[in-house]
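The values are calculated or read from the model by the stated rules, or taken from the named source; none is laboratory data. This one's a predicted model, so the numbers in the text were calculated from it and none came from an experiment. Heads up, the Cβs are rebuilt from the backbone with ideal geometry, glycines too, and the neighbour counts pull from every protein chain shown. Protein only, heavy atoms only, side chains kept; ligands, DNA and RNA dropped before computing areas. Shrake-Rupley method; radii C 1.70, N 1.55, O 1.52, S 1.80 Å.
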Amino acid sequence: MRHVIIQKMKEELMKYEEVLSFFEAGSAAFQRNDEYSDIDMGIIVKDDFLEQAINIVESTISAISPLEQKYVIPQPTWHGHWQAFYHLKDTSPYLLLDVVILKESTPDTLAEVEVHGNPIVYFDKTGVVGTEHIDYAQLRDGILKRIDSIKFISGMLSNFVEKEIKRSRLIDAIDFYNNMFLRSLVTLLRIKYDPTRFSWGNRYLTHVLPEDIYNEIQDLFFIQDAKDLDNKQKIVMLKIHSMLKEDLLVNVPMVS
């Protein structure tokens, strides 16, 4: 079904000169797509062709299978493009269509190869898709700001989990642990091993971290009780302080 959807979309979109590019991103761009993967479609159009492109997309997929669910991301989206999710009735419950339609004048196509992998380009009249590269100066600046934030969290706020445990507010303690301290540790590890995606949180860690480190981090996500939380918070803090002493930007080029 994945192949059928992509092929039908390609055939229909190519009929219109106002549609400039059609490509697949997401897990397919990393050659990691499987039976559980979404289809992440990117479409670049002339600025005044957005509404028509939406109609083309929806009529094309509806001809393949009845549209069971649809959700359009409220505007403006965080990335500035139109985006919607679809699920077709006669497809796997895991197969979502994630469609992003970009206007030609919008500079960010969300396809920097260092971050988003190598998109599968089905056609590209502009020759733009797959040629975008990251701004390393901007990346370094973002990393340094995040490191400063982690220094603050692991310094002045370091006793937040302990305080909530002493108050017998275990849910609060776990929330601080997960969202402040464990998240900070994961971010530092991403900066070290996967700097271009340092802000991606817990996503795809199995592909990013060495196996032994991944197993250690995985264990830190599971909390048994207050005593276990207290012990793991101490482990997380030791790891954070140790990593903050490293040159975490060693693998980040100075310029693009």
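Screening Lys166 against (1) at pLDDT 95 or above; (2) under 27 Å from the mean Cα position of the chain (by Cα) leaves a single unmet condition, (2). For the condition more than 30 Å from Glu112 (Cβ to Cβ) and either among the charged types (D, E, K, R) or under 23 Å from the mean Cα position of the chain (by Cα) (or both), Glu211 does not qualify. When residues in the stretch 1-22 are screened for being over 19 Å from Pro66 (Cβ atoms), of a type in the set (A, V, I, L, M, F, W, C) and in contact with a Ser or Thr (Cβ under 9 Å, 6 or more places away or on another chain), 2 of them pass. In the stretch 64-79, the qualifying residues are those that are part of a loop (DSSP other than H, G, I, E, B) and either of a type in the set (Phe, Trp, Tyr) or farther than 24 Å from Ile6 by Cα (or both), and the one that is most open to solvent (accessible area, probe 1.4 Å) is Trp78.
From the residues in the stretch 231-243 that are touching a residue at least 60 places away in the same chain (Cβ under 8 Å) and buried (at least 16 other Cβ atoms within 10 Å of the Cβ), which one is nearest to Lys192 (Cα to Cα)? Please lay out each step first, then the result.
Going through the stretch 231-243, the residues touching a residue at least 60 places away in the same chain (Cβ under 8 Å) turn out to be 233, 237, 240-241.
Checking which are buried (at least 16 other Cβ atoms within 10 Å of the Cβ) leaves us with 233, 237, 240.
Numbers: Gln233: 21, Met237: 17, Ile240: 12 Å.
Applying the filter and picking the extreme gives Ile240.
Need at least 2 residues that are open to solvent by less than 20 Å² (accessible area, probe 1.4 Å) per element, so show me which helices (runs of 4 or more DSSP H) inside the stretch 165-220 make the cut, counting only ones lying wholly within it. Filter on the stretch 165-220 gives 183-193, 211-220. Leu50 satisfies every condition listed in (1) under 17 Å from Val100 (Cβ atoms); (2) more than 27 Å from the chain's Cα centre (by Cα) except (2).
One residue is enough: does the stretch 244-251 have a residue meeting the conditions farther than 18 Å from Leu157 by Cβ, touching a helix residue (DSSP H, G or I) at 6+ places or on another chain (Cβ under 8 Å), surrounded by 19 or more Cβ atoms within 10 Å (Cβ to Cβ) and modelled with pLDDT under 95? Looking for residues that are farther than 18 Å from Leu157 by Cβ, touching a helix residue (DSSP H, G or I) at 6+ places or on another chain (Cβ under 8 Å), surrounded by 19 or more Cβ atoms within 10 Å (Cβ to Cβ) and modelled with pLDDT under 95, one finds at least one in the stretch 244-251, hence yes.
The set of residues from the stretch 43-63 being of a type in the set (A, V, I, L, M), assigned to a helix (DSSP H, G or I) and crowded, with 16+ Cβ neighbours inside 10 Å comprises Leu50, Ala53, Ile54, Ile56, Val57, Ile61. Of all residues in the stretch 118-133, those being in contact with a Gly (Cβ under 8 Å, 6 or more places away or on another chain) and either open to solvent by 70 Å² or more (accessible area, probe 1.4 Å) or not β-branched (Val, Ile, Thr) (or both) number 3.
Of the residues making up the stretch 80-110, those that are surrounded by 13 or more Cβ atoms within 10 Å (Cβ to Cβ), outside any strand (DSSP E or B) and among the charged types (D, E, K, R) number 1. Total residues in the stretch 57-90 satisfying the condition of being aliphatic (A, V, I, L, M), closer than 15 Å to Lys10 by Cα and in contact with a strand residue (DSSP E or B) (Cβ under 8 Å, 6 or more places away or on another chain): the figure is 3.
Every condition in (1) polar (S, T, N, Q); (2) within 17 Å of Val186 (Cβ to Cβ); (3) loosely packed, with under 15 Cβ neighbours inside 10 Å holds for Ser154 except the one numbered (3).
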